[in-house]
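Reading through the structure tokens given below for one structure.
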Amino acid sequence: MTERLDSKQAEKTYLSRTGGSAWEREKPFSPPGDDTFDESVDLVHDFTVAVKLLQPSPGDRIVDLGAGGGWCSDLLQRLNRNAVAVDISVEMLQVSRKRPTRVPIKAVAGDLEHLPFADRSFDKAICVSALHHVPDMVIAVTEISRILTDTGVAVFSEPGAGHSSMPGSVTATQDFGVLEQEVLIEPFIEMCQAAGFARVHVCPIAYVIPEFELSLEEWRAWRRLSRMKRPFRAADKMWRALLEFVGAGKKSALFEEAFAMRLVRLFQRPVEEHPFILASKHGARRGLRPTLRATIDVASVPAEASPEETVTATVRVTNAGGAMWPAGAGTGQVRLGIQLLDAQSRVTDRDFARVDLTADVPAGESRTIRAVFRAPVQPGDYRLKFDLVAEGVTWFGPTGTIAEVRPFRIVRR
């Protein structure tokens with residue numbers, strides 16, 4: 001108990017004793033005159049991977065656990081995501097409030113073993129290099145599970161095997177009394193499962209492919225394979241092939257066929273030394289982010305018009321992606337967009353006209369849109385490009401939608 005209290009008190013006063021306010025205020029970037037290049041690049045990398053795994057939506061309630069000076073919350077805010085920064089150190093949170101953000105970071109002092117929030121307060125949780133400082137990680141993970149909704153997701157990016165014996169960790173423990181533990185993959189996954197997370201995976205190549213996940217059993221198979229010598233590996237392969245032949249091993253993970261041995265061995269060490277763990281309260285498999293894609297059919301549009309004449313076109317659009325198209329105003333609102341092109345099909349006015357949807361369009365459904373717009377002022381040959389746009393997000397063309405283009409002439413009559 002004394003060690004627990006001492007390490008927690010050390011965390012609360014760590015900033016004032018190290019004199020690191022300038023770094024915490026600028027983190028993950030270098031303060032003026034300092035060279036934190038390697039550490040800064042690692043932090044940016046870890047944040048990027050963690051957020052790609054977490055996939056936070058604009059409306060998600062996100063908790064930034066062990067936030068320190070609030071650098072993750074700051075970057076989330078710059079990505080138009082909202083987070084509440086939680087840290088045991090008031091000194092650290094005071095730094096977070098001084099960061100040059102668009103709006104002040106929401107900061108709450110709290111112990112990860114006793115989080116000051118009601119049950120089901122958040123949709124997503126991000127924890128970057130913080131949990132390994134907590135004396136009782138079992139209690140902390142249970143608390144994190146408690147404050148997430150029944151469909152909540154948490155991502156953990158923590159130092160793993162070998163961390164506690166690294167020179168920097170030994171120095172931090174000796175000089176400042178902070179706790180430097182290792183987050184080991186197998187016990188941590190079991191810890192998350194016991195805390196109520198229905199689906200927990202280590203993401204071994206999250207640096208490249210965020211969607212690739214390994215369950216605890218698959219991770220153990222990976223480790224066994226990387227340690228297996230060639231004669232035994234060949235025998236194991238033949239045994240598994242026999243199981244497949246008789247239909248008894250259809251659920252086996254045939255790792256050698258999926259990955260070369262060199263790749264397995266190459267990734268095992270960095271994964272163990274710094275694992276990314278994704279834990280979800282619901283058991284559904286995580287899918288790719290839904291795509292925005294459409295088929296567009298221009299049923300009718302005049303071939304010519306007078307300058308500034310009111311023109312009407314009829315366009316039928318079908319939602320061919322996986323995401324619903326929201327009709328309501330705001331970021332992500334889907335609208336019909338008409339771009340004005342010149343005779344050589346170069347864009348002259350990308351925002352020539354916009355037409356609202358009358359209602360949300362679920363995946364697979366179609367809508368007929370009556371588009372009313374004013375013709376250009378100058379006579380000449382033009383083209384009208386009909387596309388869809390998710391406002392503040394993207395046009396559909398770059399996501400694979402084929403926009404429809406129609407010739408359009410302006411003549412004086």
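Of the residues contained in segment 105-121, none is found to be surrounded by fewer than 24 Cβ atoms within 10 Å (Cβ to Cβ), in the same structural domain as residue 10 (by TED's automatic domain parsing) and within 16 Å of the chain's Cα centre (by Cα). Kindly indicate which of 50, 10 is in contact with a strand residue (DSSP E or B) (Cβ under 8 Å, 6 or more places away or on another chain), surrounded by 14 or more Cβ atoms within 10 Å (Cβ to Cβ) and either part of a helix (DSSP H, G or I) or in the same structural domain as residue 92 (by TED's automatic domain parsing) (or both). Residue meeting the stated conditions: 50.
Selection of segment 390-406 for residues being of a type outside the set (Ser, Thr, Tyr), loosely packed, with under 15 Cβ neighbours inside 10 Å and touching a residue at least 40 places away in the same chain (Cβ under 8 Å) yields 392, 393, 400, 402.
Filter segment 150-165 for residues that are part of a strand (DSSP E or B) and not polar (S, T, N, Q); which is surrounded by the most Cβ atoms within 10 Å (Cβ to Cβ)?
156
Note on segment 133-154: among residues that are in contact (Cβ under 8 Å) with a residue 60 or more places away in the chain and of a type in the set (D, E, K, R), the one that is nearest to residue 182 (Cα to Cα) is 136. Name the residue that is surrounded by the fewest Cβ atoms within 10 Å (Cβ to Cβ), counting only residues in segment 53-63 that are at pLDDT 95 or above and not in a loop (DSSP other than H, G, I, E, B). Ranking the qualifying residues of segment 53-63, first place goes to 62.
With respect to (1) loosely packed, with under 14 Cβ neighbours inside 10 Å; (2) over 23 Å from residue 140 (Cα atoms); (3) at pLDDT 95 or above, the lone exception for residue 90 is condition (2).
Of everything in segment 314-350 that is assigned to a loop (DSSP other than H, G, I, E, B) and among the charged types (D, E, K, R), the residue that is nearest to residue 376 (Cα to Cα) is 342.
Among the residues here, residue 99 does not qualify as assigned by TED's automatic domain parsing to the domain that holds residue 16, charged (D, E, K, R) and free of Cβ contacts under 8 Å to residues at least 60 places away in the same chain.
Within segment 113-151, the only residue that satisfies the criterion of being closer than 17 Å to residue 278 by Cβ, out of contact with any Asp or Glu (no Cβ under 9 Å at 6 or more places or on another chain) and among the polar types (S, T, N, Q) is 145.
Taken over segment 25-39, the residue count meeting the criterion of being assigned to a helix (DSSP H, G or I) and within 19 Å of residue 169 (Cβ to Cβ) is 2.
Looking at 351, 342, 387, 381 in this structure, which one is buried (at least 18 other Cβ atoms within 10 Å of the Cβ) and of a type in the set (Asp, Glu)?
Exactly one residue qualifies, and that residue is 387.
Return the residue satisfying two criteria in turn: it lies in segment 376-413 and is among the charged types (D, E, K, R) and out of contact with any strand residue (DSSP E or B) (no Cβ under 7 Å at 6 or more places or on another chain), and of such residues it is farthest from residue 353 (Cα to Cα). Only one residue fits best here, namely 413.
Go through (1) at pLDDT 95 or above; (2) touching a strand residue (DSSP E or B) at 6+ places or on another chain (Cβ under 8 Å) and name the single condition residue 74 misses. Result: residue 74 fails condition (2) only.
Scanning for something aromatic (Phe, Trp, Tyr), closer than 22 Å to residue 70 by Cα and free of Cβ contacts under 8 Å to residues at least 60 places away in the same chain, does segment 116-132 turn up at least one residue? Looking for residues that are aromatic (Phe, Trp, Tyr), closer than 22 Å to residue 70 by Cα and free of Cβ contacts under 8 Å to residues at least 60 places away in the same chain, one finds at least one in segment 116-132, hence yes. What do you reckon, is residue 183 part of a helix (DSSP H, G or I), in contact (Cβ under 8 Å) with a residue 40 or more places away in the chain and not charged (D, E, K, R)? Here the answer is no, as residue 183 does not meet what is asked.
Condition check ((1) closer than 24 Å to residue 143 by Cα; (2) among the aliphatic types (A, V, I, L, M)) across all residues:
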position: 166; (1), (2): no, yes
position: 173; (1), (2): no, no
position: 178; (1), (2): yes, yes
position: 181; (1), (2): yes, no
position: 190; (1), (2): yes, no
position: 194; (1), (2): yes, yes
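Kindly indicate whether any position in segment 26-41 is among the aromatic types (Phe, Trp, Tyr) and closer than 27 Å to residue 124 by Cβ. Checked against the condition, which is being among the aromatic types (Phe, Trp, Tyr) and closer than 27 Å to residue 124 by Cβ, segment 26-41 yields at least one hit. Condition test on residue 43, is it farther than 23 Å from residue 147 by Cβ and within 18 Å of the chain's Cα centre (by Cα)? When the stated conditions are applied, residue 43 passes them. Look at (1) under 16 Å from residue 292 (Cβ atoms); (2) free of Cβ contacts under 8 Å to residues at least 24 places away in the same chain and you find that residue 350 fails only one, number (1).
The values are calculated or read from the model by the stated rules, or taken from the named source; none is laboratory data. Keep in mind that this is a model prediction, so the values were computed, not measured. Note: ideal-geometry Cβ built from the backbone for every residue, glycine included; neighbour counts use all protein chains shown.
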